[in-house]
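As structure tokens, the structure follows; a few thoughts come after it.
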Number of protein chains: 4
Amino acid sequence: MHTDSPAPRSAPPTTPRPQPLDRSAFAVFRPIQTRWEDNDVYGHVNNVVYYSWFDTAVNGWLIENGALDIHQGKVIGLVVHTQCHYFASLAFPQALAIGIRIAHQGRSSVRYQLGVFAQDESSSAALGEFTHVYVDAQTRRPTVLPQPLQDLLERTS
Amino acid sequence: MHTDSPAPRSAPPTTPRPQPLDRSAFAVFRPIQTRWEDNDVYGHVNNVVYYSWFDTAVNGWLIENGALDIHQGKVIGLVVHTQCHYFASLAFPQALAIGIRIAHQGRSSVRYQLGVFAQDESSSAALGEFTHVYVDAQTRRPTVLPQPLQDLLERTS
Amino acid sequence: MHTDSPAPRSAPPTTPRPQPLDRSAFAVFRPIQTRWEDNDVYGHVNNVVYYSWFDTAVNGWLIENGALDIHQGKVIGLVVHTQCHYFASLAFPQALAIGIRIAHQGRSSVRYQLGVFAQDESSSAALGEFTHVYVDAQTRRPTVLPQPLQDLLERTS
Amino acid sequence: MHTDSPAPRSAPPTTPRPQPLDRSAFAVFRPIQTRWEDNDVYGHVNNVVYYSWFDTAVNGWLIENGALDIHQGKVIGLVVHTQCHYFASLAFPQALAIGIRIAHQGRSSVRYQLGVFAQDESSSAALGEFTHVYVDAQTRRPTVLPQPLQDLLERTS
């Protein structure tokens, strides 16, 4: 990095850092059990693991509500974007809850916002997002959201 | 969702979807070996796994260049934000490379941009970011970037 | 493989295949939540994941009973052997329980037997074992089982 | 545990502890790249991860040699037993090799022995086994080993 051309690195982060959300911001909560392997060498849950919890919380919720059929579905929810802001560390064996809210619903896509809550904490230790785009399992082209999913999202607002 | 109050869900995604980057955008490349477990039920690498590759690529690069000492370091690089845009699917047993570029360097933080490249592909199959904030291992308060890291970032521009 | 020297491959498996055990064989049960990532490309839980459950079940039980202190312990339980027999397939989002029994208690080691039970099933879907040898965290030499662990094992018989 | 009925815990381990094997015992070697996440809170690779390497090494070898077709195969190799003896600790970012030898070949099953080798080490840091039983993908009943697999095993003796 030359001092006379700092431009590429002096750009601000692309998005302002959000604040933790309270439990009241979320429509649905799913319990999450931490695992021994979730802790990394620093003794806290590694950043990667949060995304595993998001997959588990959202897909578990979809399956229980008939809005996702892993084995027979003709449409697949492809993940096109994920992100997470981390506010406070967590560690196995803590018990957690993931709050789910629908941040955006489009014709063929849905964006979830996920709050990670330690037990008895009202403020989220982390705040994630991920966006599913629904595609035909064969052609992999975007398709309208499956009706059972539309119904579930409707009920969850 | 009531049709007369669509507001919370009609907001556009927070950031416009970026385009894949070419290999030429990256300063450093790290080989990544896929694992059997990386593939999920759909036969492609699960979205979570990309973050595991990012950790491995960046921390491996830092360690090899003397800019991270897992066991003895007095400062720790806490991950405060990660994100990934997915453009094309990947699958075990593909061999991959992760391109690393320094997107932003601050006083106590550094933001990396990561490109995931399939072999012989010039355009990234995914584009990730993650931001380390350096803190004192004891107090967990932000501290200036360690000198060996500053030196490495300087050499990598 | 030459037909006149089949010896190396014609040897029988080293141990006879055990039968599933019933819930009554176990002294302690720990709930286990499956995760989306546990399923592999065949739509069932991958063989590796069972060991992650064993770690979680045993270490969680030890921690809750004051018999393991991850961060401050002067002794560490090194895993020297693990094994698992798989009898029936499992899949996310099934809820599971891990049964724990003490198969062998030595001066510096303890061998656990683990039964994996699907909800409402009395017979184990898998049967695992793992052996901890306790060593001094500094010297890595075998040491007597910590007193809190001895007490817990005593109470669990 | 009552002192007058120590029987259940005084039984010896089911199998004598084997010794590490030398590289010369193995017919095939597969490189394995460690990952940041492989290290657990103690700073060494967690016991579970070795099985992930075994899956990756054996399945990668089978796929490259045309003996496993994940997506179209009419037969599936179910894992019915796995085990691992751990002799020396390993840690990210070490580069490893997995040695593969055919320990037993039956009509519908094959048992692999796996040696885990740190770079420049001739003696295995761990010694694993796992047993595939081949079943029809639809009926899940044992079937004869696929011909391409039989051919590969033959060439590997």
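Nothing in this text is a laboratory measurement; each read-out follows from the coordinates by a stated rule. Keep in mind that this is a model prediction, so the values were computed, not measured. A quick note on method: Cβ atoms are made from the backbone with ideal geometry, for glycine too, and the neighbour counts reach across all protein chains shown.
Observations on the model:
- Amide H contacts for B:Gly106 (H built 1.01 Å from N in the peptide plane; partners 5 or more residues away or on another chain; cut-off under 5 Å): B:Arg111.
- Counting Cβ atoms of other protein chains within 10 Å of each Cβ in C:27-37 and taking the mean gives 5.
- Electrostatic tally near A:Arg23: other residues with Cβ closer than 15 Å to its Cβ, Lys and Arg +1, Asp and Glu -1, net -1.
- Per-residue ellipticity at 222 nm computed for chain D from its helices equals -5500 deg cm²/dmol, with DSSP H segments shorter than 4 residues left out and the rest contributing -39,500 (n - 2.57).
- In sequence order, calculated HN-Hα J values of region C:119-127 (Karplus, 6.51, -1.76, 1.60; Hz; x Gly/Pro): 4, 6, 9, 8, 9, 6, 6, 7, 9
- Region C:69-114: relative contact order in percent, alpha carbon pairs under 8 Å with at least 6 residues between: 22 percent
- Neighbour-limited loop hits for trypsin sites (Lys or Arg not before Pro), region A:71-157 (at most 16 other Cβ within 10 Å; DSSP other than H, G, I, E, B): A:Lys74, A:Arg107, A:Arg140
- With contacts taken as Cα pairs under 8 Å at a separation of at least 6 residues, chain B carries a relative contact order of 28 percent.
- Between B:Thr34 and B:Leu96, the built amide H atoms are under 5 Å apart, and every one of these is 5 or more places off in sequence or on another chain.
- Summed residue charge, Cβ within 11 Å of A:Glu121's Cβ, Lys/Arg positive, Asp/Glu negative: -1
- Cross-link partners of C:Lys74 among lysines, defined as those whose alpha carbon lies under 30 angstrom from its own and excluding same-chain residues fewer than eight positions apart: B:Lys74.
- Cα long-axis angle, helix B:147-156 against chain B (0 to 90 degrees, to the nearest 10): 60 degrees
- Quarter the surface of the alpha carbon convex hull of region B:36-97 and you get the mean projected area, 5.6 square nanometres.
- Where chain B is rotated onto chain D, the residue of B whose Cβ comes nearest the axis, and that gap in whole Å, is B:Gln33, 2.
- For A:Gly66, neighbours were defined as the other residues whose beta-carbon sits under 14 Å from its Cβ, and their charges (Lys and Arg +1, Asp and Glu -1) total -3.
- Between the Cα long axis of helix A:49-64 and the first principal axis of chain A there is an angle of about 20°, rounded to the nearest 10.
- When peptides C:89-99, C:35-45 are sorted by average Cβ neighbour count within 10 Å, with the highest value leading, the order is C:35-45, C:89-99.
- Across identical copies of the chain, B:Pro18 has label-point separations of 1.8, 4.7, 5.1 nm, listed in ascending order, with the point defined 7 angstrom from Cα along Cα→Cβ.
- Here region B:23-156 is treated as a Stokes sphere of Kirkwood radius computed over C-alpha pairs; at 4 °C and 1.567 mPa s its diffusion coefficient rounds to 84 µm²/s.
- Relative to its residue count, the protein assembly as shown spans a Cα convex hull of 164 Å³ per residue.
- Sorted from shortest to longest, the distances between the A:Thr156 label points of this copy and the other copies are 3.6, 3.8, 4.4 nm, with each point 7 Å from Cα along the line through the beta carbon.
- Amide H contacts of D:Ala137 (H built 1.01 Å from N, under 5 Å, at least 5 apart or other chain): D:Val75, D:Ile76
- 10 Å Cβ neighbours from other chains, averaged over peptide C:78-90: 6
- Label-point distances for C:Ala88 to the equivalent site in the other copies, using a point 7 angstrom along Cα→C-beta, read 4.1, 4.3, 4.4 nm when ranked shortest first.
- Inter-label distance for D:Arg107 and D:Gln138, nm, one decimal - labels placed 7 Å from Cα along Cα-to-Cβ: 2.2 nm
- With a 10 Å cut-off around each Cβ of A:138-150, the average count of Cβ atoms from other chains is 0.
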